[in-house]
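Working notes, structure below.
The values are calculated or read from the model by the stated rules, or taken from the named source; none is laboratory data. Being a predicted model, the structure only gives us computed values, none of them experimental. Neighbour counts run over all protein chains shown; Cβ positions are idealised from the backbone, glycine included.
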């Protein structure tokens, strides 16, 4: 509306977008390195993806004498179908346990068998009993962390949405343009470094397990700032999610219910999965690991049954749970028993009757391309956690997101604090650009036109149908065409109905929609380019893995157009991270 | 499975208020048709999607974990995503907190209160990077307290908060988490007393309404026992 929107100027050393564990761990590290830190949360600080996690945490604790960090590294690469950034995978394996102890120091109490002995369990795709966890799950992890921010007096700004980074003529980050949704006011933080910790893109899909905030904002902001994305064609779907009721469709059903005795014993069978003909269809896809296979294989197997008409009327398949684990399931995860009871029934909650399950969009495997210190290609722009790509390759081990966000959250915080120290940013630098961008985002206010919520739904359906678990060239091309049509003819017609600037959800959704389109196009373009099947990426027209494709796709923007190019793998048997002053 | 397809029509009266422009709050009535087991959040979302594009409401996880969708339904504080809808509902923002707009409250003062309690283990010596000795059962108890969503349902429901100088059940529960944590060397009882622990009526309403199935009332009873008999450690 206004051609000259008012922007409140603020200053910080490091601005962190995202209040999940990656953002909070970055905040702790940056603060402890001497930086003035502000954490931006798009909603209330606790509305995060970490919060929703089961909190299972892969780390080599030393409690299983057969396991070691080399094995964790190898499992990560095996699961990632060999295209992980080896440096990042190595760091994950090496540092996960130290970060688990950090969490314990913060006050988290990992589940244990004895006073000094953590309980270990198996996880999807792993080859050793390795995974630790705590009964308070992602909630507990975020709670102990938020209180660490509080004792450090770190500012957490609720309802502050990062809209774009502000860069100088040399392309260096000098600030963050932020919409304070709670007041309907623009703010520009002049800062030496911005950390993107906004999580993933699960909301690009019709059925997803994540929180409603995960619209890929940070990844899109990185792309617009000139950073590159890597592995963005890989989206992880959790195979085992609730099918009904509508409100929780897609929410994950926790691995212990699915794993049965395999939770404790790698030689045991996981719960059998049956189609409507009573066939164990997973055996066609993975006769060796069967239902204990990796998440990508299981999710695709289930989706194919559903697509080919062998699912239930509600749109799922049947999981036959193992009643023997009910006692420990109830003890370890009572909330899931309650959830099964409320939504499915008592027999299902007691693991005595078949449970309907379906796949759901869970985790964005790709993201902004980073180096071992979470530096993107844009000076001053750092990325950690789910918004970053490369750690997990083409598929992620269950239980590896929790250590990822701790390990790389900390690294991002340390490196950003170091960078900000010498950045020499002047207050108000880039204000002219910020005003122009804000003015552009105000144009739909108060005019008549299409509602963002409807367009969002169209994008989610296109992504679910054609850029999801089952992909093919024709559909990817038509989806890209549809996205381009939406961008050209629909976006200019978007309107924000409400008159109030305060917590104007449609306004927020309009900004999210632009981010969703940027990322949806990137995902579809990379998926179209990768003419093979690997990990979470399945092409019906190229159904086999192709050794020639053992490489990464990098997506960037050249003069406004998407540019997809092949790059050789970052392959190092043992990482030696570049010398870095912070350590 | 049969209940999946039963349909109901519910009437929802929603308290609308924009402090930046409205003189006073007002109720607006909507009708929503949907599955019988739809949650209050489904009703609110449907109103936003189909009838009131300018409605301000908050949710994120839709599964009872983020704790940010708490509202009052017919006077009772609940998580909107967990509460099954009723035929006639009056939906209001969570009191006694400041309203940003419509159903959304400003939670910053809540976190200021948490911050003042310094809810991190105050250690005699730094954590040494090996498993901390904690009895497995005690670890589970700590985890239970650490599962508190900070949703403020209990604080909103508490009659003592309404009438007396009492911070509320959720804050007592978090203090209790610290009190039983073996690494925390600080005496948390004075903080609980300062927060108004003795003002609790013992009505147990907090326990009945807690969406995480926790008992803040028991945490308060434990503190009271410590006050009389001394803490066990």
Within the range A:261-270, is there a residue that is without any contact (Cβ under 8 Å) to a residue 24 or more places away in the chain, under 28 Å from residue A:335 (Cα atoms) and buried (at least 24 other Cβ atoms within 10 Å of the Cβ)? yes
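Here is a yes/no grid of residues against (1) surrounded by fewer than 23 Cβ atoms within 10 Å (Cβ to Cβ); (2) within 11 Å of chain B (Cβ to nearest Cβ); (3) within 29 Å of residue B:107 (Cβ to Cβ); (4) touching a residue at least 12 places away in the same chain (Cβ under 8 Å):
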{"residue": "A:115", "(1), (2), (3), (4)": "yes, yes, no, no"}
{"residue": "A:142", "(1), (2), (3), (4)": "no, yes, yes, yes"}
{"residue": "A:153", "(1), (2), (3), (4)": "yes, yes, yes, no"}
{"residue": "A:167", "(1), (2), (3), (4)": "yes, no, no, yes"}
{"residue": "A:183", "(1), (2), (3), (4)": "yes, yes, yes, yes"}
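From the list A:334, A:313, which residue is within 14 Å of chain B (Cβ to nearest Cβ), surrounded by fewer than 19 Cβ atoms within 10 Å (Cβ to Cβ) and under 26 Å from the mean Cα position of the chain (by Cα)?
Values: A:313 fails: under 26 Å from the mean Cα position of the chain (by Cα).
Of the residues listed, the single one that is within 14 Å of chain B (Cβ to nearest Cβ), surrounded by fewer than 19 Cβ atoms within 10 Å (Cβ to Cβ) and under 26 Å from the mean Cα position of the chain (by Cα) is A:334.
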When you go through (1) free of Cβ contacts under 8 Å to residues at least 12 places away in the same chain; (2) more than 9 Å from chain B (Cβ to nearest Cβ) one by one for residue A:173, which number turns out not to apply? (1)
Sort out which residues of the range B:80-98 are more than 10 Å from every other protein chain (Cβ to nearest Cβ) and either assigned to a strand (DSSP E or B) or at positive phi (or both), and write them in order of number. B:88, B:89, B:90, B:91, B:92, B:93
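Just checking, how many residues over the range B:1-59 are within 17 Å of residue B:81 (Cβ to Cβ) and assigned to a loop (DSSP other than H, G, I, E, B)? Step through it out loud before you land on a result.
Looking only at the range B:1-59, we keep the residues that are within 17 Å of residue B:81 (Cβ to Cβ), and these are B:10, B:12, B:14, B:32, B:34-49, B:55-59.
So of that shortlist, the ones also assigned to a loop (DSSP other than H, G, I, E, B) come out as B:36-38, B:55-59.
Qualifying residue count for the region: 8.
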Answer yes or no as to whether residue A:224 is closer than 30 Å to residue A:558 by Cβ, at pLDDT 90 or above and surrounded by fewer than 24 Cβ atoms within 10 Å (Cβ to Cβ). yes
Going by what's in this entry, would residue B:200 be described as under 26 Å from residue A:338 (Cα atoms), buried (at least 24 other Cβ atoms within 10 Å of the Cβ) and in contact with a helix residue (DSSP H, G or I) (Cβ under 6 Å, 6 or more places away or on another chain)? no
Kindly state which helices (runs of 4 or more DSSP H) lie completely within the range A:429-495 and contain at least 2 residues that are in contact with a helix residue (DSSP H, G or I) (Cβ under 6 Å, 6 or more places away or on another chain) and within 14 Å of another protein chain (Cβ to nearest Cβ). A:452-466
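Can you work out which of the residues in the range A:83-110 that are within 22 Å of residue B:129 (Cβ to Cβ) and in contact with a strand residue (DSSP E or B) (Cβ under 7 Å, 6 or more places away or on another chain) is farthest from the other protein chains (Cβ to nearest Cβ)? Walk me through how you get there before you give the answer.
First, pick out the residues of the range A:83-110 that are within 22 Å of residue B:129 (Cβ to Cβ): A:90-110.
Narrowing the set further to residues that are in contact with a strand residue (DSSP E or B) (Cβ under 7 Å, 6 or more places away or on another chain) leaves A:96, A:100, A:110.
Values: A:96: 13, A:100: 10, A:110: 7 Å.
By that ranking, first place goes to A:96.
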With the checklist (1) surrounded by 24 or more Cβ atoms within 10 Å (Cβ to Cβ); (2) assigned to a loop (DSSP other than H, G, I, E, B) in hand, flag the one item residue A:420 doesn't pass. (2)
Which residues, taken from the range B:27-79, are at pLDDT below 95, more than 7 Å from chain A (Cβ to nearest Cβ) and within 20 Å of residue A:211 (Cα to Cα)? B:64
Scanning the range A:78-91 residue by residue, those in a helix (DSSP H, G or I) and surrounded by 24 or more Cβ atoms within 10 Å (Cβ to Cβ) turn out to be A:79, A:88, A:89, A:90
Taking residue A:134 as meeting all but one of (1) more than 7 Å from chain B (Cβ to nearest Cβ); (2) in contact (Cβ under 8 Å) with a residue 60 or more places away in the chain; (3) within 27 Å of residue A:296 (Cβ to Cβ), write down the number of the exception. (1)
Exception for residue A:363 within (1) in a loop (DSSP other than H, G, I, E, B); (2) within 30 Å of residue A:81 (Cα to Cα) falls at (1)
Restricting attention to the range B:132-160, report how many residues are farther than 21 Å from residue A:154 by Cβ, out of contact with any strand residue (DSSP E or B) (no Cβ under 6 Å at 6 or more places or on another chain) and free of Cβ contacts under 8 Å to residues at least 60 places away in the same chain. 14
Which residues, taken from the range B:161-182, are touching a residue at least 60 places away in the same chain (Cβ under 8 Å) and touching a helix residue (DSSP H, G or I) at 6+ places or on another chain (Cβ under 8 Å)? B:161, B:174, B:181
Flagged in the range A:233-250 as more than 24 Å from residue A:272 (Cα to Cα) and modelled with pLDDT under 95, in numbering order, are A:246, A:247
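Report yes if residue B:185 is in a loop (DSSP other than H, G, I, E, B), within 14 Å of another protein chain (Cβ to nearest Cβ) and under 23 Å from residue A:103 (Cβ atoms), otherwise no. Before you say what the answer is, go through the steps one by one.
Working: in a loop (DSSP other than H, G, I, E, B): yes; within 14 Å of another protein chain (Cβ to nearest Cβ): yes; under 23 Å from residue A:103 (Cβ atoms): yes.
For residue B:185, the condition - in a loop (DSSP other than H, G, I, E, B), within 14 Å of another protein chain (Cβ to nearest Cβ) and under 23 Å from residue A:103 (Cβ atoms) - is met.
Would you confirm, using the coordinates I've provided, whether residue A:328 is crowded, with 20+ Cβ neighbours inside 10 Å and touching a residue at least 12 places away in the same chain (Cβ under 8 Å)? Break it down into steps so the answer makes sense when it comes.
Numbers: crowded, with 20+ Cβ neighbours inside 10 Å: no; touching a residue at least 12 places away in the same chain (Cβ under 8 Å): yes.
So residue A:328 fails the test.
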Name the one entry in A:75, A:94 that is part of a helix (DSSP H, G or I), closer than 30 Å to residue A:335 by Cβ and over 17 Å from the mean Cα position of the chain (by Cα). A:75
Count of residues meeting criterion [modelled with pLDDT of 95 or more, in a helix (DSSP H, G or I) and more than 14 Å from every other protein chain (Cβ to nearest Cβ)] in the range B:127-182: 9
Just one of (1) surrounded by fewer than 22 Cβ atoms within 10 Å (Cβ to Cβ); (2) touching a strand residue (DSSP E or B) at 6+ places or on another chain (Cβ under 9 Å); (3) touching a residue at least 24 places away in the same chain (Cβ under 8 Å); (4) in a loop (DSSP other than H, G, I, E, B) trips up residue B:72, so point out which. (4)
Being over 19 Å from residue A:235 (Cα atoms) and part of a strand (DSSP E or B) is the filter here, so list the residues in the range A:529-561 that pass it. A:557, A:558, A:561
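Can residue B:15 be described as in contact (Cβ under 8 Å) with a residue 12 or more places away in the chain and out of contact with any strand residue (DSSP E or B) (no Cβ under 7 Å at 6 or more places or on another chain)?
So residue B:15 does not fit the description; no.
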